[in-house]
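Novice: Encoded as structure tokens, here's the structure I'll be asking about.
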Amino acid sequence: MRTIGNILWHFPFFGFVDAFVAFLFGGFLVITIAGAPLGLGLIELSKFLLTPFSSRMVDVRETGIKQNELWNAFGVFVRILYFPVGLILAVVTLIQAVGLLISVVGIPVALVLLKSLGTIFNPVNKKCVPAA
């Protein structure tokens, strides 16, 4: 079922384009250094968008990976600055997902959008992990 969901996400709905755009924007933010926490989160989101039915997004604290305290403080600062943008993007994504849920064909895309909603709202310190 996961494989069929991933195939439906990529070919009729061009999910690989979303993954590519998230990767490019994340790469640009990482290069700017000031947006590195957002950029790394968007790169992880692009990994998730490549296989959305076989993976999930979690907070880095749930994985047990230790991070530098200075990096965490900078991440909190960036998260505060990103909050208004993230709120707007999350509301737009939610409206898009509700619209897709109305049609039977759009349900797989709506599920992917709803799974990625938390990362779109706050991509700082997010990690893509296998669903199993």
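Any read-out appearing in this document is the output of simple, stated calculations on the displayed coordinates, not a laboratory observation. No experiment lies behind these values; they were computed from the predicted model shown. No Cβ is skipped: glycine too gets one built from the backbone with ideal geometry, and neighbour counts run over all protein chains shown.
Novice: Counting just the Cα atoms, what span does the stretch 2-130 cover along each of its three principal axes? Round to the nearest Å and put the largest first.
Specialist: Largest first, the stretch 2-130 extends 46, 28, 25 Å along its Cα principal axes.
Novice: Another question, if that's okay. Kirkwood-based Rg over Rh for the stretch 50-124 (C-alpha set), two decimals?
Specialist: That ratio is 1.07, to two decimals.
Novice: When the helix-only estimate is applied to the chain (DSSP H runs of n ≥ 4, each -39,500 (n - 2.57), divided by the residue count), what is the mean residue ellipticity at 222 nm, nearest 500 deg cm²/dmol?
Specialist: My calculation for the chain gives -22500 deg cm²/dmol from helical runs alone.
Novice: PHE53's amide H: which non-local residues (gap 5+, or another chain) put their own amide H closer than 5 Å, with H modeled 1.01 Å from N in plane and none for Pro or chain starts?
Specialist: ASN6
Novice: Ok, one more. How fast does the stretch 1-61 diffuse by Stokes-Einstein, in µm²/s, taking the Kirkwood radius from C-alpha pairs at 25 °C and 0.890 mPa s?
Specialist: Diffusion coefficient, whole number: 205 µm²/s.
Novice: If you don't mind, there's one more thing I want to ask. Would you please give the FRET efficiency between THR32 and THR63, computed as 1/(1 + (r/R0)^6) with r the Cβ-Cβ distance and R0 = 22 Å, to the nearest 0.05?
Specialist: Between THR32 and THR63 the formula returns 0.30.
Novice: Against the longest principal axis of the chain, how steep is helix 69-102, in degrees 0 to 90 to the nearest 10, with axes from Cα atoms?
Specialist: Approximately 20 degrees, to the nearest ten.
Novice: Rounded to the nearest 0.05, what FRET efficiency is calculated for ILE4 and PHE74 with R0 set to 41 Å and r the Cβ-Cβ distance?
Specialist: 0.50
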